[in-house]
1. With unit charges on the beta carbons (Lys and Arg positive, Asp and Glu negative) and the dipole taken about the Cα centre of the chain, which residue among TYR256, GLN100, ALA144 sits farthest to the positive side?
2. Would you work out which of SER9, ILE109, PRO309 lies farthest towards the positive end of the dipole of the chain? Charges go on Cβ: Lys and Arg +1, Asp and Glu -1.
3. Suppose a student asked you for the relative contact order of the range 225-307, using Cα pairs under 8 Å spaced at least 6 residues apart; what percent would you report?
4. In percent, what relative contact order does the chain have, based on Cα pairs under 8 Å that are 6 or more apart in sequence?
5. Evaluate the range 3-168: find the radius of gyration of its Cα atoms, find its Kirkwood radius, and give the ratio Rg to Rh.
6. For a footprinting-style exposure proxy, rank VAL80, VAL281 by other Cβ within 10 Å, fewest first.
7. For the chain, take every pair of Cα atoms, bin their distances at 10 Å starting from 0, and report each bin as a whole percent.
8. So which GluC sites (Glu not before Pro) in the range 122-168 end up in coil per DSSP with only 12 or fewer other C-beta atoms within 10 Å?
Amino acid sequence: MRIGLVVDSGCDLPRSFIDEHNILVLPISIRIGDELFVDERDPDRTTEFYRRQALDKSHDAETVPFSMEQIRDLFLNRVVTNYDYALVQTIAQSRSPIFQNATDASHAILRAYKPVRKAAGVEGPFALRVIDSQSLFAGQAALAAETVRLIESGVKVNELRQRVEELATKAHGFGTFPDLYYVRERARKKGDKSISWLGAFMGSALDIKPILCGRHDQTFPVAKVRHFDAAVERIFDYTVKRIERGLLAPTVCVSYAGDAEAIKQMPGYDRFVQAARAHDVQVMTSMMATTGGVNLGPGALVVGFLAEPEEFE
């Protein structure tokens with residue numbers, strides 16, 4: 001059976017990994033004023049997006065995920081004849097309508113795929129499953145990377161689906177960002193009052209940076225740290241502890257809203273990489289999707305892995 005993986009462009013996998021494993025990307029568009037940027041995980045276009053610093057002073061950017069009709073048409077054109085079964089993994093449904101759009105599209109796809117496969121000379125049924133990753137950005141990427149590993153190991157479809165749905169509840173994304181005021185304004189535009197004006201002002205004045213966790217379809221703070229570099233180092237040090245205690249999958253994903261090469265110069269990164277090597281854990285770094293950049297701001301960092309929930313130390 002030919003099994004394919006589909007993710008949305010908020011999934012922070014390196015483009016080389018996406019191409020190597022034939023992962024299909026559902027684009028998410030970013031509208032800033034009159035300009036529309038379509039994010040298809042193209043490194044050159046994303047680099048240009050960050051280089052232009054379009055987000056630095058804009059809090060009015062809007063994310064536009066593929067509609068139900070667009071997802072249906074993409075599957076009928078590119079998926080149903082190339083695979084017999086497709087897993088669709090989306091960014092946390094609490095943060096985007098793309099999970100619901102993909103779920104609605106799945107019903108239309110299953111009603112319409114038979115003549116498409118027949119015309120292409122492909123025999124047998126087609127099926128798909130839409131899964132909420134319950135995480136964001138690098139956390140979503142960690143789930144996708146493990147899904148690829150399971151598919152290529154030859155796991156049967158039913159076992160694959162059950163295992164991936166279980167792992168989605170274990171996907172973690174830990175992130176921090178340099179500009180608290182930017183995130184406060186983004187949240188305010190969406191009606192989220194969790195970061196008050198006074199809190200943003202005092203946080204900026206004292207250079208306090210929150211560390212956020214995204215898991216179980218929720219995003220919440222787990223720590224507050226003076227200075228961005230110290231917050232980044234604390235995330236890497238915590239990840240080292242989780243690696244040493246044992247992850248549920250041998251991959252950690254790291255994404256940065258800017259040039260991904262900057263990750264290697266961040267405090268704590270070298271210790272993190274050494275720990276990963278010592279425990280046969282693969283490290284994948286990538287430029288953060290523009291969806292993440294829009295919501296967390298330029299310079300944000302997220303580290304994602306699969307593990308049992310524990311208190312952030």
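1. Final value for the positive-end residue is GLN100.
2. ILE109
3. Result for the range 225-307 is 44 percent.
4. Here the relative contact order equals 22 percent.
5. Radius of gyration relative to Kirkwood radius: 0.98.
6. Neighbour counts put them in this order, fewest first: VAL281, VAL80.
7. Using 10 Å bins, I get a P(r) of 6, 28, 35, 21, 8, 2, 0 for the chain.
8. Answer by residue number: GLU123.
Only the coordinates and a few stated rules stand behind these numbers; no lab work does. If you're wondering where the values come from, they're calculated on a predicted model, not measured in any experiment. Virtual Cβ from ideal backbone geometry, glycine too; neighbours counted across all protein chains shown.
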